[in-house]
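Remarks on the structure that follows.
The values are calculated or read from the model by the stated rules, or taken from the named source; none is laboratory data. These numbers come from a predicted model, not from an experiment. Using ideal geometry, Cβ is built from the backbone for each residue, glycine included, and neighbour counts are taken over all protein chains shown.
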Amino acid sequence: MLAGVHHVAIICSDYQRSKHFYVSILGLEVIAENYRHERDSYKLDLKLPDGGQIELFSFPDRPARPSYPEALGLRHLAFSVNSIEAAVKRLQGYGIAAEPVRIDEYTGKQYTFFSDPDHLPLELYQL
């Protein structure tokens with residue numbers, strides 16, 4: 001029935017800051033950028049290397065996401081990378097801290113977590 005994940009939607013608090021993070025730091029390609037006047041909202045479509053997409057929205061006065069302790073619902077967004085070491089080094093070059101690299105006890109693969117500008121949990125998972 002399902003063919004894959006088409007997109008993940010993220011609501012940010014500071015559109016320009018988050019756009020910089022996802023485009024300039026994480027390196028995602030802009031597909032389309034639209035300002036929706038009636039909602040006072042931007043919608044930025046970003047392309048992931050595997051063809052999936054992230055929709056980045058800005059809406060005024062949205063409540064923060066409850067994360068710690070973790071709330072019910074979507075837990076985090078994980079990106080696959082070829083090299084955890086290179087990805088973490090790139091993040092550190094922008095002053096973004098990542099947790100210590102761990103080993104998935106079931107797959108033996110390396111992974112780590114970091115946060116976007118709104119403290120949304122993101123994961124890097126080595127292929």
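Remarks
- Residue check, SER80 of a type in the set (S, T, N, Q) and modelled with pLDDT under 95: no
- All of (1) free of Cβ contacts under 8 Å to residues at least 60 places away in the same chain; (2) polar (S, T, N, Q); (3) in contact with a Leu (Cβ under 8 Å, 6 or more places away or on another chain) hold for GLN16 with one exception: (3).
- Residues that are closer than 21 Å to ILE11 by Cα and touching a strand residue (DSSP E or B) at 6+ places or on another chain (Cβ under 9 Å), drawn from the stretch 83-127: ILE96, PHE113, PHE114, SER115, ASP116, PRO117, ASP118, LEU120, PRO121, LEU122, GLU123, LEU124
- Just so you know, in the stretch 28-69 the residues that are among the polar types (S, T, N, Q) and more than 16 Å from TYR15 (Cβ to Cβ) include one that is farthest from the chain's Cα centre (by Cα), and it is SER67.
- Qualifying residue in the stretch 109-122 (condition: loosely packed, with under 10 Cβ neighbours inside 10 Å and without any contact (Cβ under 8 Å) to a residue 24 or more places away in the chain): no
- Listing of strands (runs of 3 or more DSSP E) fully contained in the stretch 1-62 that carry 1 or more residues being closer than 20 Å to GLY73 by Cβ: 7-12, 53-58
- Checking VAL81 against (1) of a type outside the set (S, T, N, Q); (2) within 18 Å of the chain's Cα centre (by Cα); (3) on the phi > 0 side of the Ramachandran plot, the condition it does not meet: (3)
- Within the stretch 1-35, the set of residues being over 22 Å from ALA98 (Cα atoms), at pLDDT below 95 and surrounded by 11 or more Cβ atoms within 10 Å (Cβ to Cβ) comprises VAL5 only.
- In the stretch 77-103, the residues that are part of a loop (DSSP other than H, G, I, E, B) and in contact (Cβ under 8 Å) with a residue 12 or more places away in the chain: ASN82, SER83, TYR94, ILE96, ALA97, ALA98, GLU99, PRO100, VAL101
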